[in-house]
Structure formats: structure tokens, C-alpha cells
Amino acid sequence: MKKLMLVLLLLVIIPAVAYAQGDNQATIAYGEVAEGELTNADFDQEYLFEGGAGDVVIVQLVADENADFDPLLYLATIDNVILAQNDDYSGYNARIIYRLPDDGQYMIVATRLGERTGYGTGAFEVTLEEAQVSELGVTIEGVVRSDELTAAHVFVPETDGIYEIKYTHVSGNFYPGFVVQTIPDESTYYEEVASITGIEVLGGTVRVSLEADQIYVMSFQENYYTYSETTEQAVYTINITGEAAEDDGSA
């Protein structure tokens, strides 16, 4: 694949696997995981999928524990127009959350930092999900594990306004931090909007000013104060309420 130029959780169990259809190219669909391997000769892998206008997709690239490359992830049109990219979302892994503009075919590119001139090889997994967009006043319930901080929920406000996002730790021995992030236009990195942190996060409410039609991602961060080598989990709820856009309160 020609080098691409820079142009931007659901906690799930994904049983299906996508397989290659030709050299360096495979197909993938919502709810599938694709397995691959980067070498110095084959430093990228392409995955094609069908999407619909308005779909919010979550694409993740996770390197195998024995791999030694820094994952870099692209989302593009089949004409190689970059729509989004990400590097180092969680550790060295990469994740893109993006709303598709049109019906049609799209391309995911899994590669390494530096691409052709980069270094490191190894196995990886790419996952593709269609995010379920959260609704105002509807309680979200979920589970997040300390060894797999991939749980993410997406909210897209219909109007500008002041919104309250309430996070509650229901049960479990894992107490992760809670963070609300967005990706500014033409940026490749997540920008924090609000967060709830502490030694043992049992919950809290953040009041933030959000923009209409912007994607906001609610997810979790490791709480280093209570780090454990054993796998723990937390059951949680999230609820979002909104106020009129004319409200002049501040975040």
C-alpha cells in the first residue's frame, strides 16, 4: 500500500474472525476480529468493510504481548483518502472512533509507527464495532476489566448545551478513573473534556458544555493507586441528562 498522508466501547466478546482475501488485504465486518502479523517485508495490512452513512465505528489495533512494534491505525476510503488515524490510545495500542459520512466501502490499515521505515514485528488483532450511541436519560450498564480497558460509550449531542454525566461504580474490586474525551477536528489525539479520578473512584457527576454533532467518548483509565497484578472488574452505570442550550452555566 502506498504510504498514506496524515489527514481522526463497548466492552465486547468477538467470536468471528476475518481472513485474508489476497496479498496484504482482508475483509472484516461489524462484530468481527481480524488476526494478522507485521513483518519487515509486510509492514501493513488492509481490511475492507461495508459501512453506512452515520454509523459510528470503533476500530482497535492491539499488538500481541510478544510483539515489539508500536501500533498505528488508519481509517480511509478505498481511494486512500485518510479519514482518521490514531497512535498510542492505550499504552502502545491504537483506537479510532469515527462517524462514517456515506454508505459504501471503507478501509482499515493496521501498521506500525514509521510504517516502511519503522521497526518491530509481531502478531496483532484488529476489531471493528458499530458503536451504540447513548441516549439522554437512558441508563447505561456495563462491566470493565482491569486487564482490558476497552469499554467505551459514545454520546453525540443533538444540540449545544450543558450536560450532566453521572458515573456510578456499582460493584467489584476494580476502581478505574472515568474520563470523557473528544477528538478535535483535524487532530489525531483524544482531548479530555472531563474526568473523575481518585484513589478508589466510586462515582461522581461532571457538568460539561458539549457541542452538537460532536462525538464524545466515555471510557476508563487505570487507577495506579490501586494497581493489582490480578484481574479485577467493576460493574458500573452511566446516565446523561441535558439542559437547554441557552443555559450560560460553565463546565
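No value in this document is a laboratory result; all are computed from the given coordinates. The model shown is predicted, which means the values in this text are computed figures rather than measured ones. Methodologically, a virtual Cβ is constructed for each residue, glycine included, from the backbone with ideal geometry; neighbour enumeration extends over all protein chains shown.
In table form, for the structure just shown:
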{"item": "Isotropic mean projected area of the C-alpha convex hull, the range 140-242 (nm²)", "result": "6.4"}
{"item": "Distant-in-sequence amide H partners of Asn173 (H built 1.01 Å from N, under 5 Å)", "result": "Gln233"}
{"item": "HN-Hα J in Hz across the range 76-81 - Karplus 6.51, -1.76, 1.60, θ = phi - 60°, x for Gly and Pro", "result": "9, 6, 6, 8, 6, 8"}
{"item": "Cα gyration tensor shape of the range 75-135, rounded if a/c is under 1.5, else prolate or oblate by comparing a/b with b/c", "result": "oblate"}
{"item": "Calculated from backbone phi, Karplus (6.51, -1.76, 1.60) coupling profile of the range 116-122 in Hz, x at Gly/Pro", "result": "4, 8, x, 9, x, 9, x"}
{"item": "The range 75-232 shape via C-alpha gyration tensor axes, a/c threshold 1.5", "result": "oblate"}
{"item": "In Hz, Karplus ³J(HN,Hα) per residue of the range 132-144 (6.51, -1.76, 1.60; θ = phi - 60°; x = Gly, Pro)", "result": "8, 6, 5, 10, 4, x, 9, 6, 8, 10, x, 9, 10"}
{"item": "Tensor-based shape of the range 16-130 (alpha-carbon gyration tensor, a/c under 1.5 rounded, otherwise prolate or oblate)", "result": "prolate"}
{"item": "In the range 143-185, chymotrypsin sites (Phe, Trp or Tyr not before Pro) in a DSSP loop with at most 16 other beta-carbon atoms within 10 Å", "result": "none"}
